[in-house]
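Here the structure is laid out as structure tokens; the discussion comes afterwards.
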Amino acid sequence: MDPRYTGEILKHLEKQSELLKEAKISMSEELHQLKVEEEMLMRKFYEIMSAHGKVKKIPVKLQMVKLETPLQ
């Protein structure tokens with residue numbers, strides 16, 4: 001590698017690193033929003049299926065365990 005260009009290469013790599021960090025944050029936020037939306041939709045789906053008698057009722061203790069499980 002030519003030493004004349006190491007400064008420019010370092011600047012470029014630092015800029016790329018910053019852009020990647022911003023992209024990671026943005027994607028993490030989007031993923032979190034999608035997980036929350038999925039959970040809301042699944043709860044609504046369960047309510048609809050329950051109203052039509054298509055699913056068995058889950059005991060309250062099991063429901064609480066599922067609600068306390070953190071999102072990944």
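For the reader, a short list of remarks on this structure follows.
- Qualifying residue in segment 20-42 (condition: of a type outside the set (Gly, Ala, Ser), farther than 30 Å from residue 55 by Cα and outside any helix (DSSP H, G or I)): no
- Close contacts from segment 26-41, counting a first residue that is surrounded by 10 or more Cβ atoms within 10 Å (Cβ to Cβ) and a second that is not polar (S, T, N, Q), with Cβ to Cβ under 8 Å and a gap of 6+ residues or different chains, come to 32/71; 35/71; 36/71; 39/71.
- Complete set of residues in segment 43-72 that are modelled with pLDDT of 65 or more, surrounded by 10 or more Cβ atoms within 10 Å (Cβ to Cβ) and outside any helix (DSSP H, G or I): 55
The values are calculated or read from the model by the stated rules, or taken from the named source; none is laboratory data. What you are looking at is a predicted structure, and each value in this text was computed from that prediction instead of being measured. Every residue, glycine as well, gets a Cβ built from its backbone with ideal geometry; the counts of neighbours run over all protein chains shown.
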